[in-house]
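What follows is one structure encoded as structure tokens, with my remarks underneath.
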Amino acid sequence: MLEAYCDPSKILAHTCSYDGLSSRLVKKAGFPIIFLAGYPCASSYGLPDTGYIAIVEMCDKIQEAVRQVIVPVMADADTGYGSPINVKRTVQCFAEAGAAGIMIKD
């Protein structure tokens, strides 16, 4: 990730996963990074991607993935789960769960 960040001409292709097993499959397919996306994670609980999954459930998914692969795991934090103080908590929770990076949408 750092190499791609330092050289914007490089493209870092990835695909999405939603748990430990799907993360292992993504890694086995040769992708250098795992991205836990909100839609597949919500779908794995049988829910729409409309804010039904809580930060704790997403952090559980991150931990599942991190335990299964040795490549960086990025995660979708949606809108940060609320106000600015919630965004701070989200960043802390995702980091503690092992995420190498997060994506927050405004």
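Just so you know, all these numbers are worked out from the coordinates, no wet-lab data involved. Quick caveat: nothing in here was measured; it's all calculated off a predicted structure. Using ideal geometry, Cβ is built from the backbone for each residue, glycine included, and neighbour counts are taken over all protein chains shown.
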(request) Mark the label point 7 Å from the Cα of Arg24 along Cα→Cβ and return the residues of segment 43-80 whose backbone N is within less than 20 Å of it. (result) 44-45, 60-74
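Rounded if a/c is under 1.5, else prolate if a/b beats b/c, else oblate: with a ≥ b ≥ c from the C-alpha gyration tensor eigenvalues square-rooted, which is the chain?
Oblate shape, in that a/c is at least 1.5 and b/c is the bigger or equal ratio.
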(request) Grab the alpha carbons of segment 53-106, take their convex hull, and tell me the volume per residue in Å³. (result) 61 Å³
(request) In nm, give the distance between the simple-model label positions of Val71 and Glu96, each being 7 Å from the Cα along the Cα-to-Cβ direction. (result) 2.8 nm
(request) Could you run the Karplus curve 6.51 cos²θ - 1.76 cosθ + 1.60 with θ = phi - 60° over segment 21-34 and give me ³J(HN,Hα) per residue in whole Hz, x for Gly and Pro? (result) 5, 5, 5, 4, 5, 4, 5, 4, 6, x, 6, x, 8, 10
(message) Quick check on the chain: helices-only [θ] at 222 nm, where DSSP H runs of length 4 and up contribute -39,500 (n - 2.57) each and the sum goes over total residues. Nearest 500, please.
(response) -13500 deg cm²/dmol
(message) I'd like the orientation of helix 55-68 relative to the chain: the angle between its Cα long axis and the longest Cα principal axis, in ° from 0 to 90, rounded to 10.
(response) 30 degrees
(request) Using only Cα atoms, find the angle between the long axis of helix 84-97 and the longest principal axis of the chain, and express it within 0 to 90 degrees, rounded to the nearest 10. (result) 50 degrees
(request) Please tell me the relative contact order of the chain in percent, rounded to the nearest whole number, where contacts are Cα pairs under 8 Å and at least six residues apart. (result) 25 percent
